[in-house]
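Working notes, beginning with the structure itself.
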Amino acid sequence: MPKSSPQKTPMREQSPKERIHNFNEVPFGYSPEEAILEAKRCLQCKKPKCMEGCPVEIDIPKFIEQIADGNFREAIRTMKDKNSLPAICGRVCPQEEQCEKYCLLGKMGEPVAIGRLERFIADWEAEQDEIEIPEIAPTTGKKVAVVGSGPAGLTVAGDLTKLGHKVVIFEALHKPGGVLIYGIPEFRLPKAIVGREVEYIKKLGVELVLSYVVGKLKTVDELLEEFDAIFVGTGAGLPWFMFLPGENYNGIYSANEYLTRSNLMKAYLFPEYDTPIVKGKRVAVIGGGNVAMDSARTALRLGAKHSMIIYRRSKVEMPARNEEIEHAEAEGVEFHFLTNPVAYHADKNGWVREMECIRMELGEPDKSGRRRPIPIEGSNFKSPVDVVVVAIGNSPNPLIYSTTPGLEQGKHGNIVTDEATGKTSKDRVWAGGDIATGAATVILAMGAGRIAARSIHEYLQIT
Amino acid sequence: MNKILRKVILAPDIKLFEVETPPIAEKVQPGQFVVIRTHEKGERFPLTVADVNPKNHSITLIFQEVGKSSAHLGTFKEGDEILDVVGPLGKQSEIELFGTVVCVGGGIGVAPIYPILKALKSKGNKVISIIGAKSKNLLILEEEIKVASDKLYITTDDGSYGKKGFVSNELTRLIEERIEINRVVAIGPPIMMKVVADVTRPYKIKTIVSLNSIMVDGTGMCGACRVEIGGETKFACVDGPEFDGHLVNFDLLMNRLSIYLKEEKESLDKFRSDLNKCCRSTTDNQQS
Ligand SMILES: Cc1cc2nc3c(=O)[nH]c(=O)nc-3n(C[C@H](O)[C@H](O)[C@H](O)COP(=O)(O)OP(=O)(O)OC[C@H]3O[C@@H](n4cnc5c(N)ncnc54)[C@H](O)[C@@H]3O)c2cc1C
Ligand SMILES: Cc1cc2nc3c(=O)[nH]c(=O)nc-3n(C[C@H](O)[C@H](O)[C@H](O)COP(=O)(O)OP(=O)(O)OC[C@H]3O[C@@H](n4cnc5c(N)ncnc54)[C@H](O)[C@@H]3O)c2cc1C
Ligand code: SF4
Ligand code: SF4
Ligand code: FES
């Protein structure tokens, strides 16, 4: 075997100069040759460390070996055995914190590009004429309602349908996919891919009811009259604001609104699409996570001359995926660390014109293990802005909790579940994903869906 | 789904649709609204449910054509289906036995006040209604409101019908005549609601208003609809749309309603010119 490269096989991508003028996906993905080359870097460890980092325990060495052998059909089977949304996870998983973090090769150079290979194999399958439909168990006559069509809900629905149960998903928005469709931008996760996964779930036999707000139309208790079990996967959709003076001036958005207008409603194609968005020249995005990176990069594509990340800690504490930070830097997003807004100032028509900030310094580590930012008194300064996007976080949507007696609520507004089963405090009701954990990741939401599906299935068999 | 059973043109640019939506018709309460989308590339916009017809499993929507989306909806005919109708959204009105309630409706706001005043009446309240419009031909639901109220006063800005002046003038008159008023419900343009709240404030008469802030999802997910109530930020779609008028920051509401003026004009102009280009149709004139 030729000595393999210490670096990942590079993935071709749109150049930064070009891509800030369009919403097309940034990386192009591997060709079969590149994928095989990368797969051959894997050492096929006897005790593969990488698997410890994957929340859904994909048999990573196995699918990589199958790719290395050019046996793509088998590789996708191995993948789908554990992960029903590989095209999505391959693109958005924070791999450097998960599978790739533990890869043995990472000790000497760069880890195997597990995420890119996962993406490759999923895209390869999509290009084939026929997507394989797995065997569906004979119908059990049991009915399950799933509330929310994010990754958690889609996973539960797919798993239970394969086991022969009838599943109906109720989704509040007019398009399924949750954050995958309204939050994560097209240039990072093309909506056609989400559409493809949803089509697959429908092909399995899942029924999808859109524009249906559970809690407003029917409550969980009313659904329990028709269904044997319910899974709640309503996500963490409630945007936080900082409640600073002037935060409601025109031009100040929550990241949810900014991204929903752009992604779900396609405001970047206004006036072909009817939904407008304010296209700022100097856009300040408050926060340092994936949501903030997505907002700052969206601003550039909407024509901003300056797109700025305002983050109260320093670069190392930023929770965003490395790849997103690198992409944002390459595209010219300006980073202002150790800076926090304290007030906004408007013109006479109520439009935000200036952001007043204060400088921060880092103190002792806090509960999250990151050093706590402390304001430096008297360091206030003002900076001109015409759009501000507040991307400091989201918490669980309270609608289901507030309309469902008997659900235990956690400290952060989340629904309390048993980690091993996804069961809530209410009989016949399970929950998982961001509604249970608070804003987390796609793969954790999927994992929670998988666990709940297993527990729901066990329950349905004994009733 | 969402089939238009009946279309009535109530006034120039004001239309009434009876829409078949069985699950919503079964659930909706006074004060609640739905969010509509008329076509695949369309925006999401809210309309109040103005009435329910359980027999037809339908809800009534009354809307004014003010921009692209409402104008597009206006071109729909009986038998057409509306792409998305989501709801019922928002909190329901507080319907209790208050005593005497004055319901004030201005312009298109007369439509949302109608189900509220009916509910208040059937709870046993004495309901005095004041409705108004710019001029006689823009006044809607006069008959229905008259039947449902104990007393009805009408104003028009230009004096073409009823008393000349604003609805708030009539309210002031009632208060000055020392009629006992236990509560006021006012729905209409923000400036009207602001004036009404100013009128009742010195008399400490509880005044409920319904805020028409710009919305996207209508479920508390985006914060587009945020309003300031007593100095606190609230989301009109889930915390409202009804609030204590004495606590509302109306200037902020009006500011935020103007965010997209430029884009809205561009969108409407494009819609009109596309409509003229492709199909000088008669859809708009079709009476029913
Ligand atoms: C902008 C952004 C970028 C992100 N980037 C990444 C990333 O790169 N990598 C990563 O791993 N994670 C990322 N995340 C986080 C990840 O998207 C979430 O953790 C994940 O989507 C949670 O899945 P879920 O199924 O729990 O909920 P969601 O995806 O939030 O889906 C919940 C669904 O439930 C619906 N719903 C809510 N209430 C009701 C109701 N009452 N009735 C009916 N339907 C209802 C909602 O409309 C929504 O469609 C990102 C999040 C955001 C916002
Ligand atoms: C809870 C609620 C209930 C409403 N009920 C009714 C009703 O029963 N009948 C009725 O005629 N109107 C009602 N409205 C107002 C109605 O939603 C707007 O007139 C409509 O969205 C205008 O859209 P457009 O594209 O036709 O006009 P545009 O040209 O887009 O806008 C014209 C004006 O309408 C407002 N507006 C624009 N977009 C929105 C939006 N997405 N959400 C809310 N307001 C917007 C703004 O003030 C704007 O300047 C209600 C609004 C709210 C918030
Ligand atoms: S699902 Fe995510 S964590 Fe698991 S192997 Fe794939 S990229 Fe890695
Ligand atoms: S740890 Fe790395 S090298 Fe070892 S099997 Fe996993 S991917 Fe391959
Ligand atoms: S309309 Fe989005 S939160 Fe109210």
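The values are calculated or read from the model by the stated rules, or taken from the named source; none is laboratory data. Bear in mind that the values here come from a model prediction, so they are computed numbers and not experimental data. Positions of Cβ are generated from backbone atoms using ideal geometry, with glycine treated the same way; all protein chains shown enter the neighbour counts. Surface accessibility is based on the protein's heavy atoms, side chains included, excluding ligands, DNA and RNA. Shrake-Rupley method; radii C 1.70, N 1.55, O 1.52, S 1.80 Å.
Elements of the type strands (runs of 3 or more DSSP E) sitting completely within segment A:159-275 and holding at least 2 residues that are surrounded by 19 or more Cβ atoms within 10 Å (Cβ to Cβ) and either away from ligand 3 (no atom under 16 Å from the Cβ) or touching a residue at least 12 places away in the same chain (Cβ under 8 Å) (or both): these cover A:166-170, A:229-232, A:252-254.
Taking segment B:1-115 as the region of interest, the strands (runs of 3 or more DSSP E) fully inside it that hold 1 or more residues being within 11 Å of chain A (Cβ to nearest Cβ) and among the charged types (D, E, K, R) are B:33-37, B:84-89. Report the residue count in segment A:52-80 for those that are free of Cβ contacts under 8 Å to residues at least 24 places away in the same chain and farther than 20 Å from A:A126 by Cβ. Residues that pass the stated criteria total 4. Step by step: first the residues of segment A:421-447, then only those that are part of a strand (DSSP E or B) and of a type in the set (A, V, I, L, M, F, W, C), then the one that is nearest to A:L224 (Cα to Cα). Which residue is that? Among those residues, the one meeting the criterion is A:V429. Restricting the first member to segment A:386-397 and to residues that are farther than 17 Å from A:E356 by Cα, and the second to residues that are part of a strand (DSSP E or B) and open to solvent by 30 Å² or more (accessible area, probe 1.4 Å), the beta-carbon pairs closer than 7 Å and six or more apart or on different chains are A:N394/A:L238; A:S395/A:L238; A:P396/A:L238; A:N397/A:L238.
Considering only residues in segment B:197-218 that are open to solvent by 20 Å² or more (accessible area, probe 1.4 Å) and over 16 Å from the mean Cα position of the chain (by Cα), the one that is farthest from the other protein chains (Cβ to nearest Cβ) turns out to be B:Y203. Each residue in segment A:115-131 was checked for being over 9 Å from A:F72 (Cβ atoms) and loosely packed, with under 12 Cβ neighbours inside 10 Å, and 3 pass.
Can you find, within segment B:170-190, the residue that is most open to solvent (accessible area, probe 1.4 Å) among those that are more than 14 Å from chain A (Cβ to nearest Cβ) and under 14 Å from the mean Cα position of the chain (by Cα)? Steps first, please.
First, pick out the residues of segment B:170-190 that are more than 14 Å from chain A (Cβ to nearest Cβ): B:170-189.
Then drop every residue that is not under 14 Å from the mean Cα position of the chain (by Cα), which leaves B:185-189.
Details: B:V185: 9, B:A186: 0, B:I187: 11, B:G188: 13, B:P189: 63 Å².
Per the criteria, the residue is B:P189.
Report yes if some residue within segment A:386-401 is acidic (D, E) and over 21 Å from A:D228 (Cα atoms); otherwise report no. Yes, some residue in segment A:386-401 is acidic (D, E) and over 21 Å from A:D228 (Cα atoms). Consider A:V291 against the criteria (1) under 30 Å from A:E326 (Cα atoms); (2) more than 16 Å from ligand 2 (Cβ to nearest atom); (3) in a loop (DSSP other than H, G, I, E, B): it satisfies all of them except one. Which criterion is unmet? For A:V291, the exception is condition (3).
Among the residues of segment A:191-250, those identified as among the charged types (D, E, K, R), away from chain B (no Cβ under 12 Å) and over 23 Å from B:I36 (Cα atoms) are A:R196, A:E197, A:E199, A:K202, A:K203, A:D221, A:E225, A:E226, A:D228.
Consider segment A:276-288 and keep the residues that are within 14 Å of chain B (Cβ to nearest Cβ) and part of a loop (DSSP other than H, G, I, E, B). The one that is most open to solvent (accessible area, probe 1.4 Å) is A:K279.
Please tell me if B:S273 is free of Cβ contacts under 8 Å to residues at least 24 places away in the same chain and hydroxyl-bearing (S, T, Y). Yes: the conditions hold for B:S273.
If the condition is being free of Cβ contacts under 8 Å to residues at least 60 places away in the same chain and part of a loop (DSSP other than H, G, I, E, B), then segment B:131-147 contributes B:K134, B:S135.
Go through the residues of segment A:298-311 one by one and say whether even a single one is more than 14 Å from chain B (Cβ to nearest Cβ), surrounded by fewer than 19 Cβ atoms within 10 Å (Cβ to Cβ) and closer than 23 Å to A:S379 by Cβ. Yes. Going by the conditions given, is A:A439 modelled with pLDDT of 90 or more and not acidic (D, E)? Answer is no for this residue.
Regarding segment B:87-95, can at least one residue be identified that is more than 20 Å from B:K27 (Cβ to Cβ), of a type in the set (D, E) and open to solvent by 30 Å² or more (accessible area, probe 1.4 Å)? Within segment B:87-95, none of the residues are more than 20 Å from B:K27 (Cβ to Cβ), of a type in the set (D, E) and open to solvent by 30 Å² or more (accessible area, probe 1.4 Å).
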